[in-house]
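Derivation of every value follows stated rules applied to the coordinates shown; laboratory data play no part. Just so you know, these numbers come straight off a predicted model, no measurement behind them. Every residue, glycine as well, gets a Cβ built from its backbone with ideal geometry; the counts of neighbours run over all protein chains shown.
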Amino acid sequence: MWLIKDSPALFTDLYELTMAQVYFQKKMQDTAYFEVTVRRLPENWGFFVMAGLDEVESYLGQFRFTKRDIEYLRSTRLFNEDFLQFLPDIKHDVKIRSMPEGTVFFPNEPILEVAGPLVVAQLMESYILNILGFSIIEATLAARIAIAAQGLPVIDFSLRRCQGPISSIRAARAAQMTGLMATSNVFAARQLDFAPAGTMAHSFVQVHESEEESFDAFAQTYCENAILLVDTYNSIEGIKKAAKVAKQLLEEKGIRIRGIRLDSGDLVELSKFARKYFNEHNVSFLKIFASGDLDEFKIYDILAAGAQIDGFGVGTRFAVSRNAPAIEIVYKLVQYGDKGVFKTSPDKHSRPGRKSIIRIKSKFYEKDIISPLKSEADDLLKPFASAEPMEIIQPRLSAELSCLDDSIKAVRNPVKYPVDFA
């Protein structure tokens, strides 16, 4: 598990363990089938993206109760000794069917099925939901950001605002899945074999005697990779000084630095000024990057207003998915042994039995049909044993998005995709 040294078996809610003890006492050992679904789309979202299976694989591989785990559970005085003696013998004896990573999906569709002994499958609920929930949020958000950016490069700047180190890696991996250009998170870059990228901080400018001196020092060290942050004091003056340094280095040393970064202010007007100024002063090669509390809505609006921007950095709003920080992801029993089971709770009802999903396509995806389990090659739920490499996931997601009509991918007010339950 990423950054977790101990066994992850205790990453579960207490009631999973208290229920498991009753199952053990009653010798309820039949196979249980649990289904993961997401009940609703957040406002302005038209689809979800499946993600997180690499971490699910790691979780299953490390799932076990250690001596230390048992000692802690004994200290709670909630569990009988025979149950505590049973727990270390539990294996991750489950089979999984899942939508492959990078597949788009829609509300109430089963996206993952866990099948195994009732005690084991029950204990896995909490952490599987933890893994999938935020992974899906970030992958979907990254896809929406890429759509809004209209092919322009985007960098993940989210590390410092993520809610914990593990979430920062999930965010970086989502960026990688979606084809975003790079991440500022060096640990994640190494872990994921993803390109690292970054510029400079305001503190770098502040510790130099002048803004121009800081630009020159950074540019002479990083040359073609140098991107200068121009808004520490005054963005207009920063743009002019960056152009001056870029022109001097090109003429005197043949160094063609990469560009500038705007991090505050009116990004549309500042980018227009910068592009015009660079063209007039013979440094038209300078790229203009923008950051500063950006999300898919702001990126879409900035470009629609004619901004002269060549790339974006997304941080806080990507890190915490500010407009959709949580989804109603659930893990519900649909079959125990040969018996289909279901809920009838208001707004939380479920459908019994194992299922298949067939996606109908002409030029674009037209609708999904969910039916009782069938042995069909085109069932979207596939047996899962190990995570696929990113070289397979990235093109899959790109193809999936190309098969969705633009009305469903709209950044605002998307059209609802039809899902039929047979």
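General observations
- Inter-label distance for Q394 and V22, nm, one decimal - labels placed 7 Å from Cα along Cα-to-Cβ: 4.9 nm
- Relative packing of 11-17, 307-313, which averages over residues the other C-beta atoms within 10 Å, highest first: 307-313, 11-17
- Mean residue ellipticity, 222 nm, helices only, the chain: the sum of -39500 (n - 2.57) across DSSP H runs of n ≥ 4, divided by residue count and rounded to 500, is -12000 deg cm²/dmol.
- FRET efficiency, S126 to E328 (Cβ-Cβ, R0 25 Å, nearest 0.05): 0.95
- Each peptide in 86-93, 288-295, 342-349 was scored by the mean count of other Cβ atoms within 10 Å over its residues; highest first, the order is 288-295, 86-93, 342-349.
- For region 149-319, lysine pairs with C-alpha atoms less than 17 angstrom apart, excluding pairs fewer than eight positions apart on the same chain, total 14.
- When only alpha carbons of region 47-134 are considered, Rg and Dmax amount to 15.5, 47 Å.
- In nm, spacing of pseudo-spin labels at F273 and N413 (7 Å Cα→C-beta vector): 3.4 nm
- Considering only L250, L397, L229, the mean-square fluctuation computed in a Gaussian network model of the chain, springs between alpha carbons under 10 angstrom, is largest for L250.
- Spin-label pair D89/R39, simplified geometry with 7 Å Cα→Cβ offset, distance in nm: 3.8 nm
- The chain shape via C-alpha gyration tensor axes, a/c threshold 1.5: prolate
- Stretching the chain fully between S375 and S210 yields a gain of 52.4 nm (0.36 nm per residue, less the alpha carbon separation).
- Contour excess over end-to-end distance, with Cα ends at Q62 and A305 and 0.36 nm allotted per residue: 82.5 nm
- Helix axis angle, 211-222 relative to the chain longest principal axis, alpha carbon, degrees: 60 degrees
- Amide hydrogen neighbours beyond the local backbone of T31, cut-off 5 Å, H modeled: G337
- Additional length obtainable on full extension of the chain from C223 to Q29, 0.36 nm per residue less Cα span: 63.3 nm
- Over 26 Å between alpha carbons, listed pairs K95/K355; K67/K339; K5/K343; K5/K91: K67/K339; K5/K343
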